[in-house]
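The values are calculated or read from the model by the stated rules, or taken from the named source; none is laboratory data. Given the structure is predicted, the values throughout are model-derived calculations rather than measurements. Every residue, glycine as well, gets a Cβ built from its backbone with ideal geometry; the counts of neighbours run over all protein chains shown. To get the accessible areas, we keep the full protein, side chains included, count just its heavy atoms, and leave off ligands, DNA and RNA. Shrake-Rupley method; radii C 1.70, N 1.55, O 1.52, S 1.80 Å.
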Amino acid sequence: STQKPTPSDFQRNEYAEAQLQEMIKKLRERATVYKEKLNDPVLSSPEGSPTASPKKPPPPKEEKKEEKKEEKKEEAEAKPEEDHYCDMLCCKFKKPPLKKYMENLKLPDTIDSYTDRRYVAWLMLVTIAYNWNCWFIPLRYVFPYQTPSNTIYWFTIDVLCDICYLCDLLIFQPRVRFIKGGDIITDKVETKKFYHSSVKFQLDLISVLPSDILYFFFGFNPALRVNRMLKHNTFFEFNDRLEAIMEKAYIYRVIRTTGYLLFILHLNACLYYWASDYEGIGSTRWVYDGEGNMYLRCYYWAVRSLITIGGLAEPQTLFEIVFQLLNYFMGVFVFSSLIGQMRDVIGAATAGQNYFRSCVDNTVSYMNTYSIPRLVQNRVRTWYEYTWDSQGMLDESELLEQMPTKMQLAIAIDVNFSIVNKVDLFKASSFTGECRNGCDTQMIYDMLLRLKSIVYLPGDFVCKKGEIGREMYIIKQGEVQVLGGPDGTKVLVTLRAGAVFGEISLLAAGGGNRRTANVVAHGFANLFILDKKTLNEILRHYPDSEKLLMKKAKVLLKQKGKPPPGPPVQQPRGLASLFGQKQETPKLFKAMLGVKGKDGLAKLLQLKRQQEAEVMPQKIDWNLPGAERYWEGLGKQTNAETETKPKEEEKMSEKPAASSAPPAPKKEPKADVKPAVMQRKTSKESLIISMSPSPRAGEGEILKVEIKETQKK
């Protein structure tokens, strides 16, 4: 026989023990995750997400660069921050270091032209430089405003504008992202290649060519800078980006269109002075006579000529006649185009207001056609005015229908999710156990898209007492009052923005959930409405959430359906306190028996004994002749007996006596038969007590008492 080794002889394998401990730890973690999954069905699967594919190892040079960058970062983090102070007068001010300024000013690798406000600000600076060249190059070329004494100032501003052009060409435009095949390209190298291959780069490159070098050969002639006017793409891009971020873009459109008109008049004034100089200043009545401010006088002539006001001097020479004809033709075309564009801009700005007025006019015309009372017409006008002033449109859903479903959902979440989350029926963490995490989030998102916004006027009934509840109401803005009392005018409670009522009606088990009070709008109230039909359509796709909502509805119904606390019940004193309180006899049972107390119980026992003592009747063969006449006579006899019973006893009974028939002895009682009651004397009647479910949902069961006469052999 072998002896078992003692514990001291037992040898442990440390590696195996470590592996077992690790395995036990993982199993415990897995069990914990599955327990949370059972308690919380909303949690995602415990399976881990797939790992990313391993990156290729960088070359050794890049590894060294990355190591150096990491070392520099660690050194920068290890160094304590130095305090920087600025001595000014007698005080010392603390200022942030220069590095922080540089970090804030540092441009990203790529720029999103649609959302980056810094890019829009830079485009504005380039647009100012572009407008300087467009307005002042023809002015300096035609009018003698550039003189040798002020040439240095003009040249300085030109250099600043050229610097803006160069920075835009070399720094900003190569970083702008672009879309290729539906993807947003954010690689700096790719954005640079895309910009260099575009027509915009070619025009920008021509616009920054150093044509100013020709000044050394032809003098300071502003016409040599005409290539700076080719940077028009940046100007139109700035207009688009600025309109996209402005709340009232039509204001800028009006200003821009007015600027176009003024610029065309500016060019026409420059041309008129050039023609006058070509013909000779003051040589004829048509040309500029050289008096007053030359630019204002020429601009005045351009306005009257281009807008075809008339009243100008007649041209004398062939050159003047051709120039005036071309000026008239250009004026008619340009001015009509600008007026049409201005009309479109103003029409687009007032399109919503025109639609609102059209709706009001059509509604008023309809009400006048059918002779609607003046009071109702005034309320309709008030509703239109308030709805338009409060939300800027009559129906918000019309605006959202043009957007994709995902964008509609994003807007609905930002606007309505915080309000819906206040509803106890849908709110998360309202209950413990299996209901603690609320409904499916996607189900709530689908519900947000179905909410309808309705405006109620002061005094309007949101719902009335006794109505079938089919909707849930969420107060978005305003107040509503719950009325009650004997006359229905007492204010029970006032509900404000964010309150919810009627949510239990959505999930009433058997329907027929009636309103228990009147709800009236105290002022102008904007409410969200969700009807029962819409919710059922949503829950059809979320069975788990439907079960959860049913449970929540039952709990809320119990909480809200508890009766108010009545007067305190007096506790028995003395020996009576040792025994429990006697339960009261059900009222329905008392009414069926027609008596109270111990007498009713004694009569019930007496009838039972008589029924047992009596002999059962013989079986009748229903196929024999005369059987039907026998039962007809028996029914008539029973009816006669019931009619002769006292009237006082008829009032104590609630159920009529059931008449018998051969094929169905237990038939429902007829309406014309008066109820039968128990007799005080010994009788040959049998008492049948039965419970049957009520045909109406929610009313429980009905107690039936039937008295039938037994026959002896």
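Net charge within 11 Å of residue 286 by Cβ-Cβ distance, Lys/Arg positive one each and Asp/Glu negative one each, not counting residue 286 itself?
Charge balance in the 11 Å sphere: -3.
Multiplying the sequence separation of residue 192 and residue 28 by 0.36 nm and subtracting their Cα-Cα distance, what value in nm do you get?
53.6 nm
Nothing charged except the Cβ atoms of Lys and Arg (+1) and of Asp and Glu (-1): what's the magnitude of the dipole of region 117-320 about its Cα centre? Round to the nearest 20 debye.
On the way: 20 positive and 18 negative charges, 165 e Å.
It comes to approximately 800 debye.
By accessible area of protein heavy atoms, probe 1.4 Å, what ranking do 447, 342 get, highest first?
Result, largest first: 342, 447.
Once R0 is set to 30 Å, what does the formula 1/(1 + (r/R0)^6) return for the Cβ-Cβ distance between residue 313 and residue 277, expressed as a FRET efficiency to the nearest 0.05?
0.95
Using r as the Cβ-Cβ distance of residue 185 and residue 209, and R0 as 35 Å, what FRET efficiency do you calculate, to the nearest 0.05? Intermediate values should be presented prior to the final figure.
On the way: r = 29 Å, r/R0 = 0.83.
Once rounded, the FRET efficiency stands at 0.75.
Quick one: which residues, 5 or more positions from residue 460 or on another chain, have an amide H under 5 Å from its amide H? H modelled 1.01 Å from N in the peptide plane, none for Pro or chain starts.
Answer set, sorted by chain and number: 521.
Could you derive backbone 3J(HN,Hα) for region 196-213 from the dihedral phi with the Karplus parameters 6.51, -1.76 and 1.60 (θ = phi - 60°), listing whole Hz in sequence and x where the residue is Gly or Pro?
5, 8, 9, 5, 4, 5, 5, 5, 5, 5, 5, 5, 10, 4, x, 6, 5, 4
Around residue 114, which amide H atoms from residues at least 5 apart in sequence, or from another chain, sit under 5 Å from its own amide H, with H modelled in the peptide plane?
Amide H neighbours of residue 114, under 5 Å, 5+ apart: none.
Among 367-376, 146-155, how do they line up by average Cβ neighbours within 10 Å per residue, starting with the highest?
146-155, 367-376
Can you give the net charge of the other residues whose Cβ lies under 11 Å from the Cβ of residue 395, counting K and R as +1 and D and E as -1?
So the environment of residue 395 carries a net charge of -2.
Would you pull out the residues with amide H under 5 Å of residue 176's amide H, same chain only if 5 or more places away, H placed 1.01 Å from N?
111
Using a probe of 1.4 angstrom, how much of the accessible area of region 117-320 is carbon and sulfur, in percent? Walk me through the numbers before you get to the answer.
Numbers: 7560 of 11370 Å².
Result for region 117-320: 67 percent of the exposed heavy-atom area is carbon or sulfur.
Extending each Cα 7 Å along its Cβ direction at residue 370 and residue 461, get the distance between those two points in nm, one decimal.
2.0
Which distance in nm do the two modelled labels at residue 247 and residue 329 give, with both placed 7 Å along the Cα-to-Cβ direction?
Using points 7 Å along Cα→Cβ, the separation is 4.9 nm.
What do you reckon, how do 254, 493 stack up by accessible area (1.4 Å probe), largest on top?
493, 254
Please give the length that would be gained between residue 336 and residue 379 if that part of the chain were fully extended, namely 0.36 nm times their separation in residues minus their C-alpha to C-alpha distance (nm, one decimal).
11.0 nm
Calculate the dipole size of region 450-523 relative to its Cα centre from +1 charges on Lys and Arg beta carbons and -1 charges on Asp and Glu beta carbons; express the result in debye to the nearest 20.
With only Lys, Arg, Asp and Glu charged at Cβ, the dipole is about 140 debye.
Which of the peptides 278-287, 17-26, 263-272 is most tightly packed, and how do the rest follow, judged by the mean count of other Cβ atoms within 10 Å per residue?
For the peptides 278-287, 17-26, 263-272, the packing ranking is 263-272, 278-287, 17-26.
Please turn the phi angles of region 220-232 into ³J(HN,Hα) values with the Karplus equation 6.51 cos²θ - 1.76 cosθ + 1.60 (θ = phi - 60°), one per residue in order, whole Hz, x for glycine and proline.
For region 220-232, the Karplus-derived couplings read 7, 9, x, 5, 6, 9, 5, 5, 5, 7, 7, 8, 7 Hz, x marking Gly and Pro.
By how many nm would the segment from residue 346 to residue 398 grow when fully extended, if each residue of separation counts as 0.36 nm and the alpha-carbon distance is taken off?
Values: separation 52, 0.36 × 52 = 18.72 nm, distance 2.24 nm.
Here the segment from residue 346 to residue 398 would lengthen by 16.5 nm.
Any idea of residue 551's accessible area? Nearest 10 Å², probe 1.4 Å.
So the heavy atoms of residue 551 present about 90 Å² to solvent.
Does region 117-320 come out rounded, prolate or oblate, given a ≥ b ≥ c as the square roots of the eigenvalues of its C-alpha gyration tensor, rounded meaning a/c under 1.5 and, failing that, prolate meaning a/b above b/c? Present the calculation step by step, with values, prior to reporting the outcome.
On the way: a/c = 2.80, a/b = 1.74, b/c = 1.61.
Verdict is prolate for region 117-320.
If r is the Cβ-Cβ distance from residue 470 to residue 353 and R0 is 41 Å, what FRET efficiency results, to the nearest 0.05?
0.70
Among 207, 282, 218, flag the residue with its Cα farthest along the positive direction of the charge dipole of region 117-320, charges on Cβ as +1 for Lys/Arg and -1 for Asp/Glu.
207
Please name whichever of 169, 302, 271 sits farthest to the positive end of the charge dipole of region 117-320, dipole taken about the Cα centre and charges placed at Cβ: Lys and Arg +1, Asp and Glu -1.
It is 169.
Using packing as a proxy for protection, rank 519-532, 398-411, 314-327 so that the peptide with the highest average count of other Cβ atoms within 10 Å comes first.
Output ranking for 519-532, 398-411, 314-327: 519-532, 314-327, 398-411.
Whole angstrom only: what separates the Cα centroid of region 120-188 from the Cα centroid of region 212-271?
Distance between centres, Cα-based: 10 Å.
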